[in-house]
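Here, each number is a calculation from the coordinates, and none is a lab measurement. Since this is a predicted model, take the numbers as computed values, not measurements. Here the Cβ is made from the backbone with ideal geometry for all residues, glycine too, and neighbour counts use every protein chain on show.
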Amino acid sequence: MARGKYEARKLGTAPPPVANGGVGPSTEVSSSTSPRAGGQAGTPALGIVVMSPWGWRILAMATLTALGICITFFLDGHTAYGGLWVFVVAGWGAFSYKLWRMHLAWAAL
């Protein structure tokens with residue numbers, strides 16, 4: 001059986017816990033306004049949506065859901081609704097792709 005972090009604490013081999021390791025705000029004072037520690041990467045045009053990888057991931061999942069709705073309408077014979085959902089899929093997919101590329105560019109700084 002593999003020993004996880006909790007079993008290592010029981011055996012006394014784990015490092016001591018850090019006092020400021022919680023979820024609350026950090027007490028560290030910094031003069032930098034940049035969210036990145038090493039560089040001076042400024043906030044992108046779309047803000048936190050570009051800085052977080054979850055913005056484009058959630059939009060990509062919404063795009064896949066819309067694609068499923070589109071396919072369902074086409075298979076049920078409702079081609080007008082399916083055609084409208086093609087535009088929704090194309091728009092959301094293009095914007096998701098743009099957010100992903102902007103995130104990669106921001107993360108490379």
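So what is the relative contact order of the stretch 48-109, in percent, for Cα pairs below 8 Å that sit 6 or more residues apart? This gives 47 percent for the stretch 48-109. Each of Ala80 and Leu109 was given a label point 7 Å from its Cα along the Cα-to-Cβ line. The distance between the two points is 4.8 nm. Considering the stretch 48-109, its Cα convex hull presents a mean projected area of 3.8 nm².
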